[in-house]
Amino acid sequence: MEQKRSIEDVEFVGKSALVRVDFNVPFGSEGNITDDARIRASLSTINHILDEGGKVILMSHLGRPKGKQVERLSLRPVASRLSRLLRQEVVMAPDCIGEEVRSMVDDLHQAGVMLLENLRFHPGEEANDPEFAEQLAQLGDVYVDDAFATAHRSHASVIGVPEYLTPAVAGFLMRKEINYFIKALETPFRPLAVILGGAKVSDKTLAIKKLVEKVDRILLGGGMAYTFLRALGYDVGKSLVEGDMIDLARDVMEKARERKVPIYLPVDAIAAEKRHETAVTSVVTIQEFPENMMGLDIGPATNILFREALADAKTIVWNGPMGVFELSPFNRGTFSMIDTLAHSNALTIVGGGDTDTAVHTTGKSDMIDYISTGGGAFLKLLEMGELPGINALQDK
Ligand code: AMP
């Protein structure tokens, strides 16, 4: 992976760079961008191309319009924010392909920046339709992929375009993500601890299986921990349990035991009868879980247990919140974990859409060594050791 060509290996003078970015930012109820970290993350790549004398054509998806034009999923507000961050005009294209867009690209002046409209307004993006990919490819002389967060998806803008457009190289963000991944999981300082949380076990099981081969300890929180607790025979009331994942959870624990990799599970929980901001909560132990309640955050004893389990770690990787942190009665486990990482001497790497939002909410982003922009991509990379979007780039 580290052998891929990057934007430092190509010339941009007089060229048009077609750059896949991840501008899939969260919006508030008023249509305002609530976190622009993903836009900021692409600035160094954009500035490099401009400084080297090229023009920049940006492409991204936003949300899930399912192949149709959906006004509230237009990237227009992103163009305004980007323009403010770059302190220069960003031309917003009415579409991502077509005659009009092509002539707008031709007319764009040197050192100009254009943002194409949401790629997923066309079904060809997710279907990786070759004709759609070819039309996108016609907009640039160089393809740059800076969207690590979508590199696990075999979509047109990720793997289709580089079939028609070379050079195909990694942007700075993509390169940084790959390097941190290698540092954390291929050549880590040990002990290496991995913390996993979030709602579902199903999207993380294969990754956990792989992790057992690489890490020194695993901490499980969030909703997914209940499937593991169930597999150990605990009754966990109405907590989230994925029945069809129980056997897999058991396999993972068996494998971990063989390899002497401890798996830390919650010993208590903040539980409630409903998942609601105003819910009445109780601290319950896992041994005596009330049958009418669900665990929505890790409890205080688990916070201490997890903190101790991380005390001597030299590398910590975290993906997925410890509880339903979006609701204030259930945010303490996640916020306490952020605090632990922020004050740790280990190399700390956090990934996953929800986890990075939680970190930004606490204002402690600067105290974490690296916040990855990819959650799903990070887990897939872990599972497979490669990603389609990275494979599609040219080797040095
Ligand atoms: P994921 O996308 O799988 O990383 O899951 C993130 C979501 O998991 C967040 O929106 C949390 O609200 C949710 N979550 C975390 N802990 C729990 C829990 N104990 N029960 C249900 N949902 C949870």
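Miscellaneous remarks
- Within the stretch 120-143, tally of residues that are over 23 Å from Gln88 (Cβ atoms) and not in a loop (DSSP other than H, G, I, E, B): 15
- When Ala133, Ala151, Ala137 are checked against the criterion of being touching an Asp or Glu at 6+ places or on another chain (Cβ under 9 Å), outside the structural domain of Ala313 (by TED's automatic domain parsing), of a type in the set (Gly, Ala, Ser) and within 29 Å of Ala358 (Cα to Cα), Ala151 stands alone in meeting it.
Yes/no per residue for (1) assigned by TED's automatic domain parsing to the domain that holds Arg38; (2) part of a loop (DSSP other than H, G, I, E, B); (3) open to solvent by 10 Å² or more (accessible area, probe 1.4 Å):
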residue: Ile316; (1), (2), (3): no, no, no
residue: Phe325; (1), (2), (3): no, yes, yes
residue: Pro329; (1), (2), (3): no, no, yes
residue: Ser336; (1), (2), (3): no, no, yes
residue: Ser344; (1), (2), (3): no, yes, yes
residue: Ile349; (1), (2), (3): no, no, no
residue: Val359; (1), (2), (3): no, no, no
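- Ile304 β-branched (Val, Ile, Thr), at pLDDT 95 or above and open to solvent by less than 10 Å² (accessible area, probe 1.4 Å): no
- Meets criteria (at pLDDT below 95 and within 16 Å of the ligand (Cβ to nearest atom)) for Ala184: no
- Qualifying positions in the stretch 290-302 - within 14 Å of the ligand (Cβ to nearest atom) and not in a loop (DSSP other than H, G, I, E, B): Met294, Gly295, Leu296, Asp297, Ile298, Thr302
- Which listed residue is farther than 23 Å from Ser202 by Cβ and within 13 Å of the ligand (Cβ to nearest atom), from Asn331, Asn345, Asn319: Asn331
- Residue in the stretch 144-167 that is assigned to a strand (DSSP E or B), open to solvent by less than 20 Å² (accessible area, probe 1.4 Å) and under 24 Å from Arg38 (Cβ atoms) present: yes
- Residues satisfying the stated conditions in the stretch 79-95, i.e. open to solvent by less than 70 Å² (accessible area, probe 1.4 Å) and assigned to a loop (DSSP other than H, G, I, E, B): Gln88, Ala93, Pro94, Asp95
- Subset tally (residues that are open to solvent by less than 50 Å² (accessible area, probe 1.4 Å), of a type in the set (A, V, I, L, M, F, W, C) and in a helix (DSSP H, G or I)) for the stretch 361-391: 6
- Selection over the stretch 40-51 of residues that are crowded, with 24+ Cβ neighbours inside 10 Å and among the polar types (S, T, N, Q) gives a count of 2.
- All helices (runs of 4 or more DSSP H) inside the stretch 196-289 with 1 or more residues being without any contact (Cβ under 8 Å) to a residue 60 or more places away in the chain, more than 15 Å from the ligand (Cβ to nearest atom) and under 24 Å from Thr348 (Cβ atoms): 205-214, 246-258
- Options Gly54, Gly112, Gly98, Gly67; residue that is surrounded by 23 or more Cβ atoms within 10 Å (Cβ to Cβ) and modelled with pLDDT of 95 or more: Gly54
The values are calculated or read from the model by the stated rules, or taken from the named source; none is laboratory data. These figures come from a predicted structure and were not determined experimentally. All Cβ positions, even for glycine, are placed from backbone atoms using ideal geometry, and neighbour counts span all protein chains on display. Surface accessibility is based on the protein's heavy atoms, side chains included, excluding ligands, DNA and RNA. Shrake-Rupley method; radii C 1.70, N 1.55, O 1.52, S 1.80 Å.
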